[in-house]
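Where a number appears in this text, it was derived from the coordinates with a stated rule and is not lab data. None of these values were measured; they are calculated from a predicted model. Every residue, glycine as well, gets a Cβ built from its backbone with ideal geometry; the counts of neighbours run over all protein chains shown.
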């Protein structure tokens, strides 16, 4: 559920620039794999079609061309060609999807970062995705394709069709561990990449996770669904592109099993909570079949049945998790259609709390694991920060204090921890004393430490556990419109 931030329209939030802090002279320990969200991977396509929506659409191409995200493909008239090339065809017998006949889609550079750093290969600034994070990490000593890697994937589909992806992902984690001196891997995921990663963790043995994985960093995780996919199915969503009419992309959006998978879960929305309103009736989590019947798209119901139980119980991942997300941004809470808008026009919105895309109850669902697994769950919220700005704001993700905190993590091995001639484990010295000494060597300026904190930085860090507020026992989530 990625929006193209501010394309020819209103910017989405206040964007920051990641700082490449000069005080970090070395690559911080821990190697990262980036797992993008829905819409966060570049697609290329090659055509050999016999039928197109209209005469302006190309039937055959000699080579692959950029399909997603290619802003030229979203222009009026041409967008019909795009949606036909991008959509999936659902098979009710096999419960699988395939490309439109005559369309071959490829996803390049698995393990690299180029196809997840930018949504558009032309690298227009408004289409940056993981690029700000990767650029900053490279400046700190990380190396693309070695210690910072990517998992580009077909975000149109759901984990029930990801057998090959997960095999490749397992091999990538093991390879990344091996080529970086047997250093455990940190997986950083955005949006849909988080539940997709959770399904992967649930398939792996605890012994494998203990050996190869250090932590999971969740950015804006859609753990138990969101209201927004319901609008994709009913009337389409322009995803922030001001010149795109939602109805023009609805067919393509409807065809994606990932949209069905990310619908609100009955584990987080109660049976009496209205999700969609229209003149004839209202819909709750118990009315999805009727909803799909009423919008004349029963494939959506079958795709929902295929995917509803993949992570429905939210089984703990069995690894350390850092759960970061925005709050206090108006987010779709209830979709209200009147007689004239149902279901081909855009609804009015009753807002909920969230990050503008994902509802807060879904973002906070990771808190359920705090009492369900021995590995710690750390939680941090950023008021006023939306779903996409979270990837770009310097003070949120890669603040130097955030990275420093990883020095405390057990994946630091004594034989490797010699930095600027300082042995990080020599004589059992306190780690914060080492940090202080490093700062003095680099800048000659001591860091300010809070009194009585044993050298802890004064600013909060990603490593600071957040107390659970409200009832999250089992699956008792906050009601709508509560923060």
Segment 197-271 to segment 306-383: how many Å between their Cα centroids?
9
Using the 10 angstrom Cβ neighbour count as an exposure proxy, how do 241, 77 rank, fewest first?
77, 241
Least to most buried among 336, 277 (fewest other Cβ within 10 Å first)
336, 277
Could you list 254, 149, 144 so that the one with the fewest beta carbons within 10 Å of its beta carbon is first and the one with the most is last?
144, 254, 149
